[in-house]
Amino acid sequence: MKTYQEAYELVSEMLSDAKDLDINELSAELPLYYLKLDSLDYVELMVLAKREFGFTLNAELFIRQPSMTLGELCHMLITEEK
């Protein structure tokens, strides 16, 4: 089972690569909508969640919780990890 820090590092690395950002620009309090993620970015998040945490993310989650932060996503991933 991964720790919050491990989840945060995995997700942050993926997002910084996808959006060509310095990883230090990201924080746990950052709302995901601020990153202006496109459909391919969300697919990458879904693949990461399934591969690393055994958890299936779906697009509905992001639609229902548009103000979800990076930290909230990471907490959810470690809570739902299989």
Just one listed residue, out of Ile23, Ile78, Ile63, is free of Cβ contacts under 8 Å to residues at least 40 places away in the same chain and either in contact with a helix residue (DSSP H, G or I) (Cβ under 7 Å, 6 or more places away or on another chain) or of a type in the set (Lys, Arg) (or both), and it is Ile23
If Asp38 satisfies all but one of (1) among the charged types (D, E, K, R); (2) surrounded by 12 or more Cβ atoms within 10 Å (Cβ to Cβ); (3) more than 19 Å from Gln5 (Cβ to Cβ), what's the number of the condition it fails? (2)
Can you give me the number of residues within region 9-28 that are modelled with pLDDT of 95 or more and under 12 Å from the mean Cα position of the chain (by Cα)? 11
Looking only at region 9-50, which residues are closer than 18 Å to Pro66 by Cα and not in a helix (DSSP H, G or I)? Leu26, Ser27, Ala28, Glu29, Leu30, Pro31, Lys36, Leu37, Asp38
When region 4-26 is checked residue by residue, the ones that are farther than 15 Å from Phe55 by Cβ and β-branched (Val, Ile, Thr) are Ile23
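The values are calculated or read from the model by the stated rules, or taken from the named source; none is laboratory data. Treat the numbers as computed from the prediction; the structure is a model and nothing was measured. No Cβ is skipped: glycine too gets one built from the backbone with ideal geometry, and neighbour counts run over all protein chains shown.
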